[in-house]
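Please read the structure below before turning to the comments.
Derivation of every value follows stated rules applied to the coordinates shown; laboratory data play no part. Note that the structure is predicted; figures quoted are calculated from it, not measured. Cβ atoms come from the backbone with ideal geometry, glycine included; neighbour counts cover every protein chain shown.
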Amino acid sequence: QKEVEQNSGPLSVPEGAIASLNCTYSDRGSQSFFWYRQYSGKSPELIMFIYSNGDKEDGRFTAQLNKASQYVSLLIRDSQPSDSATYLCAVPPLAGGTSYGKLTFGQGTILTVHP
Amino acid sequence: GAVVSQHPSWVICKSGTSVKIECRSLDFQATTMFWYRQFPKQSLMLMATSNEGSKATYEQGVEKDKFLINHASLTLSTLTVTSAHPEDSSFYICSARQGSGYGYTFGSGTRLTVV
């Protein structure tokens, strides 16, 4: 089982709809999570960081974390064509570990928002 | 916010030559630098982790003699692809972290094409 798993998609939604992206993780001790957006040919940019159970909202983006079920999701409301990108879920290392601080990335979900 | 400047943004080189990619943290001290490689339609693959003043730690399967990493100062890390071959053509991305906090700042990436 991969440490961080995402549905690779592609996920296609119409403009204005809600896009829902999911990520599951295997280490029950993981405490915090990142969502990155990556446009084709560009490097990842941070969208959300969440560490508490429940929802965290930032503009049109909402991250949802459920530690008991070991999943974290990203909702994009009022999706726009400019949201079309690959979305990467990433998990930082546990405190005190020996992984030198490296992030563990999921394989990414390709989102396409069509007009 | 934290900025990492990565150069060059793209480079074309002949097979057998070496290419150096540079990442500079502009407004913070990058105690740890991560180097990733990304092939088309794939997620980021960590190549190595370097801490300032120490030897880099390479991921399994990454040739340390081929991908030379230097992290001589808190603001500069370089990746040299030695004796490059067409199969080394990829998108290389650096990511810097200051201390043990959760701030990971990505460079803009370097598109390497070996002909």
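Quick notes on this one:
- Where trypsin sites (Lys or Arg not before Pro) fall in DSSP loop in region A:24-92, at most 12 other Cβ within 10 Å: A:ARG28
- Residue-wise HN-Hα coupling along region A:4-13, computed from phi with Karplus coefficients 6.51, -1.76, 1.60 (Hz; x: Gly, Pro): 10, 10, 10, 6, 6, x, x, 9, 10, 10
- In Hz, Karplus ³J(HN,Hα) per residue of region A:59-76 (6.51, -1.76, 1.60; θ = phi - 60°; x = Gly, Pro): x, 7, 9, 10, 9, 10, 10, 10, 5, 5, 9, 6, 9, 9, 10, 10, 10, 10
- With each label modelled as a point 7 angstrom along the Cα→C-beta vector, the A:ASP58-B:ASN70 pair spans 3.6 nm.
- Segments B:32-40, B:15-23 sorted - mean Cβ within 10 Å per residue, highest first: B:32-40, B:15-23
- Charge dipole (debye, nearest 20) of chain B; +1 at Cβ of Lys and Arg, -1 at Cβ of Asp and Glu: 140 debye
- As a proxy for reagent exposure, ranking B:PHE28, A:PHE33 by other Cβ atoms within 10 Å from fewest up yields B:PHE28, A:PHE33.
- FRET efficiency, 1/(1 + (r/R0)^6) with R0 41 Å, evaluated for A:GLN31 and B:SER83 via beta carbons: 0.45
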